[in-house]
Amino acid sequence: MSEKDLNRAAMAGVFAEFLDPLGNVVAQEVFFDWQERPVPDVGDVVTCAPPRTSTNRPRAISGKVRIRHYEVQRDEQGEPRVWVRLVLDVCSSQRLQAPARPREYCSLN
């Protein structure tokens, strides 16, 4: 599938893995509502804040994209759905003072 085809296919979501300097996964996020936003490229810095839970405050985490990988799957009707997997090297992690706004979990710096 070409880059043009990927742009036309419906985006199923983005799966992000944040790695520490030793290569250990320190955080994973799945975003099902990534439509109409640019997918971060290799070298971009992404900051994510997971939704607030009842047990703890959300934690913001920033990472620099090391790998961007596309996977095309087909839905029940045979239409292509694109998943993007990002592997990011952690830049920083910190507690948030205020809860994240709904649907605005990630920002591209």
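Things to note:
- Potential lengthening between Val26 and Arg81 on full extension [0.36 nm per residue; Cα-Cα distance subtracted]: 17.1 nm
- Chain lengthening between Asp44 and Asp89 when straightened (0.36 nm per residue, less Cα-Cα): 15.1 nm
The numbers here are math on the coordinates, done by the rules we state, and not lab data. Values in this document were obtained by computation on a predicted structure and should not be read as measured data.
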